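The values are calculated or read from the model by the stated rules, or taken from the named source; none is laboratory data. Note that the structure is a prediction, hence the values are computed from the model and not measured. Cβ sites come from the backbone with ideal geometry, for glycine too, and all protein chains shown count toward neighbours. Quick note on the areas: whole protein, heavy atoms, side chains included, nothing else; ligands and nucleic acids left out. Shrake-Rupley method; radii C 1.70, N 1.55, O 1.52, S 1.80 Å.
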Amino acid sequence: MSVAMTKAEVKVATTQRVDSLRELRLRDMLFLQKGSYRRRFVHALISIALRLFFRRIELSRGEAVPPAAPLIFVLNHPNGLIDPALVFCALPRRVSFLAKSTLFELPIVRALLRTLEALPLYRRIDPGADMSLNQRTFAACRALLAKGRCIALFPEGQSHNATQLLQMRSGAARIALAAAASEPADNSRADFASAPLRLRIVPVGLYYTAKTSFRSEVLIKVGTPMPVPSVTLGVDGEPPRAAVQQLTESVAVGLRGVTLNTADEGELRDVARAEQLFNSLYEGVDRRLPLAETFYWLRHVAERLRLVAARTPERLTALRQRIASYEAELNSLGLAPEALAVSDLPLRLFFRQVLLPGLVLLMLSPMAIPGALIHLPAYLLATLFARLYQTHGPDAATASVKILAAICLMPLTWLTCAIAAGAWWGWRVGLAVLPAVMLLGYVALRVLEESGELSVWFGAGLTLLRRRALFLRLLLRRRNLQREIRQLIES
């Protein structure tokens, strides 16, 4: 089966078009932000941290974000402070987001949130929260929207580890309807909903390949903007309850359209294993499947397997057992699923994509080793803090703690090395050591990352040469499993 055929099959199977996709580089994120110099500095710092933590950040349908209109971004909330950080750094608008009020109790975080123009949200699930203060926050949101600005919030109400969306809170709908019923900033008679720059709600889905893992990947998927209807507010200044419920349901529908939702962890594992069996065929040394295609594929397979589990669960159970046996044999040989694609790799390409980069990494290893040793304590401490503080109140916080710890510990590592060198050899040497240590850390990161990948291909190539019959048998088993999954889904 060719690479082109597999890609076509994926697109046909999903019955959806993969929309415009852009991989966000650091330079892309740095030039997106507007505002004060302090805000831009914090934006640059967070952008660097995100690009170091995530190996790939993709933005799907970024052009759907209106360039000049008041907007309310609504997002799913699987990953603590990382979710608003991605909104802040990746979307092409100046965004103020709502953050839980308990974060403002932490001095460093409070200063950071103020710089980012975040607004406190008081939740019933937070002990001692004064819910009446939300009226002040909602008024600030309406004022921002009246100026044509953007706000972002998480209708689920908390960060979580569930495999599907939680029940939507009504805050987004209440803010939107109240803002749409307000007069525009110039005090004209036209209501805000019918103004030239009409208020809209934009659903944004966040899909993480492994949300707490260093050097994982994330897809930011923008949905279709939804206009906000104009309603008459009650004497208390609140929109009608029926309108709030209807718009909240529309927000839920919009978010379900841009997020991956599975019934439970078991279904998610089934879907991920099926995706790996198909897409590992062309996730090779010289190519990567766009995250948007993976996302569409996972959604489609989740829907189909859910039907299979309800109608013929014994077929799904038997398939799980065969997949587990296949994976166990791969693991016994130390092979990754994508490594089987080495059999389709021409010798010329194997030399250019595997052997030659391997020699380059070998030459860079003298720089990578000290860089890794210098930064190892900071990495271990950040990992330790993330394990100790996996939640903040009722919210999941592992990745947030890991990134915040790294933002503090990595610069501290650089300054410590520079100060030590300056004290030993003089301040000029100390100044030179500072950028040198940063460079060593980056080289260590790239060498460790690339060497891990290349080791997969070296191991696969050796297995193909030394145990060709076994290798080809695994290829045949994978093809049979792919056929069975396809028949199961299509039936």
Euclidean distance of C-alpha centroids, the stretch 124-154 and the stretch 358-402, integer Å
35
Just need the relative contact order of the chain here, percent rounded to a whole number, with Cα pairs under 8 Å and 6+ apart.
16
With every protein chain in place, what's the accessible area of I108 (1.4 Å probe, Å², nearest 10)?
140
Amide H of R467: which non-local residues (sequence gap of 5 or more, or other chain) have their own amide H closer than 5 Å, using H built in the peptide plane?
none
What is the local net charge at L45, summed over the other residues whose Cβ is closer than 12 Å to its Cβ (Lys, Arg +1; Asp, Glu -1)?
+4
Among rounded, prolate and oblate, which fits the stretch 367-417 when a ≥ b ≥ c are the square roots of the eigenvalues of its C-alpha gyration tensor, a/c under 1.5 means rounded, and a/b larger than b/c means prolate?
prolate
Could you calculate the FRET efficiency of R320 with R428 from 1/(1 + (r/R0)^6), where r is the beta carbon distance between them and R0 is 45 Å, rounded to 0.05?
0.10
Based on DSSP, what percent of beta bridges with both residues in the chain are antiparallel, to the nearest 5?
35
Grab the DSSP H runs of the chain that are 4 residues or longer, score each as -39,500 (n - 2.57), total them, divide by all residues and round the 222 nm result to the nearest 500 deg cm²/dmol.
-19000 deg cm²/dmol
Return an integer: the convex hull volume of the alpha-carbon atoms of the chain, in Å³ per residue.
174
Under 25 Å, Cα to Cα: Lys pairs in the chain, sequence gap 8 or more or different chains:
12
Net charge near L106 (other residues with Cβ under 15 Å of its Cβ; Lys, Arg +1; Asp, Glu -1) is 0
Accessible area (Å², 1.4 Å probe, nearest 10) - V429:
60
Per-residue HN-Hα couplings for the stretch 459-474 [Karplus 6.51, -1.76, 1.60; θ = phi - 60°; Hz; x = Gly/Pro]:
x, 5, x, 5, 5, 5, 6, 8, 9, 4, 4, 5, 4, 5, 5, 5
Need one word for the stretch 332-491: rounded, prolate or oblate. Basis is the Cα gyration tensor (sqrt eigenvalues a ≥ b ≥ c); a/c below 1.5 gives rounded, then a/b vs b/c decides.
oblate
Under 5 Å from the placed amide H of L24, counting only residues 5+ away or on other chains, we find I57, E58, L59
On the full set of protein chains, 1.4 Å probe, figure out the accessible area of K147 and give it in Å² to the nearest 10.
150
For an R0 of 51 angstrom, estimate the FRET efficiency from the Cβ-Cβ distance between R479 and A420 and round to the nearest 0.05.
0.35
The long-range amide H neighbours of T391, using H built 1.01 Å from N in the peptide plane and a cut-off of under 5 Å, are A397
Using only the alpha-carbon atoms, how far is helix 313-332 inclined from the longest principal axis of the chain? Give it as 0 to 90 degrees, nearest 10.
60
Could you look at the chain and say what percent of its accessible area is carbon and sulfur, using a 1.4 Å probe and all protein chains?
61
When ligands, DNA and RNA are left out and all protein chains stay put, how many square angstrom of accessible area per residue does the stretch 374-451 have with a 1.4 Å probe?
59
Once you list every other residue whose beta carbon is under 12 Å from the beta carbon of D28, what net charge do they have if Lys and Arg are +1 and Asp and Glu are -1?
+2
Rounded to 0.05, the calculated FRET efficiency for the beta carbons of E238 and A162 at R₀ = 25 Å is 0.25
Using alpha carbon centroids, what distance separates the stretch 311-331 and the stretch 420-468, in Å?
39
